[in-house]
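One structure below.
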Amino acid sequence: MQEARRFQLFFVFFGLFFVLAFAYLLFLNTGLALEIESSGKEVKLIVKNNSIHTIKEIKVEQIFDSEKQLIALLPELKPAETKTLQLKKLVNSIIEVSAPFHATVRKELDVEGLGLNTQQLSLNVKLKAADYAFLDVNYAIKLELCNQSDSNVAVSVTANFSSFFLPSKDSATITIAANKCAAYSTTLKPVKKGRARIVFNLNVDNYSRTIEKFVNVEE
């Protein structure tokens, strides 16, 4: 009986030690540090390892509109090593730095508070295209872009029409005057049956947006 109790006590203490060690690694072992620096239209993220050991698999993410977007995945940072990243999307958000078995570091990015020279872009987008296309019959597609901001913008449009159409890809830059609209339009040739996914990526400085549509290609 005494040996059985000793055996049980050993496992209890071993389990408690494991739980405490895990809690330390997860909640108390900070190690990671984050600084946000800004100048003009640029924001730099400075990630530093303040621990005495190498930290691996470091994720730097930006959280806005209830979504997480990966900024960078750092394989490792040695003790006292820093990594500087340039932030592309300048919106009010949370910057999060995390790594396995280390406390997560979060900092708020307040665009207005940092005094950044960013214009508030308002771009209204409408995609006009039929839900069905037919083999060897021209398929028209039109993207209407309305600039609702007070200055001119140049919108970079990258289109991926998939292998169901020819051409399968296209790109263009469209300049839109303040409070005016412009359009991107093209005619495609369906070459394969199936459910096709059409994707438009729109980029203006620090603004990006993806528009997609599914089209059934039939005979």
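The values are calculated or read from the model by the stated rules, or taken from the named source; none is laboratory data. The structure displayed is predicted, hence computed values, not measured ones. Positions of Cβ are generated from backbone atoms using ideal geometry, with glycine treated the same way; all protein chains shown enter the neighbour counts.
Within region 160-211, the set of residues being acidic (Asp, Glu) and closer than 21 Å to Lys88 by Cβ comprises Asp205 only.
Picking from residues in region 115-135 that are within 26 Å of Ile63 (Cα to Cα) and surrounded by 15 or more Cβ atoms within 10 Å (Cβ to Cβ), the one that is modelled with the highest pLDDT is Leu123. Among residues that are exposed (fewer than 15 other Cβ atoms within 10 Å of the Cβ), part of a strand (DSSP E or B) and not β-branched (Val, Ile, Thr), Ala196 is not included.
From the list Pro79, Pro75, the one residue that fits, being in a strand (DSSP E or B) and over 17 Å from Ile36 (Cβ atoms), is Pro75. Candidates in region 156-171 are the residues that are under 24 Å from the mean Cα position of the chain (by Cα), under 30 Å from Leu135 (Cβ atoms) and touching a residue at least 12 places away in the same chain (Cβ under 8 Å); of these, the one that is surrounded by the most Cβ atoms within 10 Å (Cβ to Cβ) is Phe161. Filtered by the rule that a residue be at pLDDT 90 or above and part of a strand (DSSP E or B), region 158-171 gives Phe165, Leu166.
Counting only residues that are part of a loop (DSSP other than H, G, I, E, B), among the aliphatic types (A, V, I, L, M) and closer than 19 Å to Tyr132 by Cβ, region 172-193 holds 1 of them. Condition check: surrounded by 12 or more Cβ atoms within 10 Å (Cβ to Cβ) and assigned to a loop (DSSP other than H, G, I, E, B). Does Leu90 satisfy that? Yes: the conditions hold for Leu90.
In this structure, is Gln62 surrounded by fewer than 16 Cβ atoms within 10 Å (Cβ to Cβ), at pLDDT 80 or above and closer than 25 Å to Val204 by Cα?
no
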